[in-house]
Structure formats: C-alpha cells, structure tokens
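Chemist: Please read through the structure below; I'll follow up with questions.
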Amino acid sequence: MIRLGVILVLVAACLILLSRVLKQILVLRYGQTTPSPQSAHLVQDPVCLAYLPKEGAVTAHGVYFCSAHCASQYEKGTENNG
C-alpha cells in the first residue's frame, strides 16, 4: 500500500514537472501565453459581426466598425430605419 502511494506521488510530481516544461517550451516558441491587455479590448462590428481590436477600429457616432465600408453600410441602414 505504501508503494502505491509513493508511485502516485511520483506520477503527480512528473506531471507537474512536465506541464511546467511544456509551458516554457510554448513561451519560448510563441511568446507570451496569456493575452496582452491590448488584445483583451475587442469590439464587434455590428454590420459584419467581426471582432477586432478597439485600437484599430473605425468609429462613427460611438460605434466601432472594421472598415469605412461597414460604417457606411450601418449609416445607410439607420437612415432607412428612421
């Protein structure tokens, strides 16, 4: 019974070590593993429903768009609706 406990502890330790090594490999290969604060600020274009960084969006009347074309389409739609 003690052997089984020792084996389980060793397996758990190996899994923890393996996860740390894999995380380091991912960091070295792809850069950071958590989203940067900038990437956390995504907005959705109401016309094409695309998500894009807020910093790169086209804004019109407080609404965010992926392009001037979508902003124009949105304005045409709101003019027709009243």
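Chemist: Tell me yes or no: at least one residue of the stretch 34-45 is among the β-branched types (Val, Ile, Thr), at pLDDT 90 or above and under 30 Å from Glu79 (Cα atoms).
Modeler: Yes, the stretch 34-45 has at least one match.
Chemist: Let me ask something additional. When residues of the stretch 61-73 are filtered for being surrounded by 14 or more Cβ atoms within 10 Å (Cβ to Cβ) and within 18 Å of Leu42 (Cβ to Cβ), how many remain?
Modeler: Count: 7.
The values are calculated or read from the model by the stated rules, or taken from the named source; none is laboratory data. Note that the coordinates shown come from a computational prediction; the quantities given were computed from them, not determined experimentally. Here the Cβ is made from the backbone with ideal geometry for all residues, glycine too, and neighbour counts use every protein chain on show.
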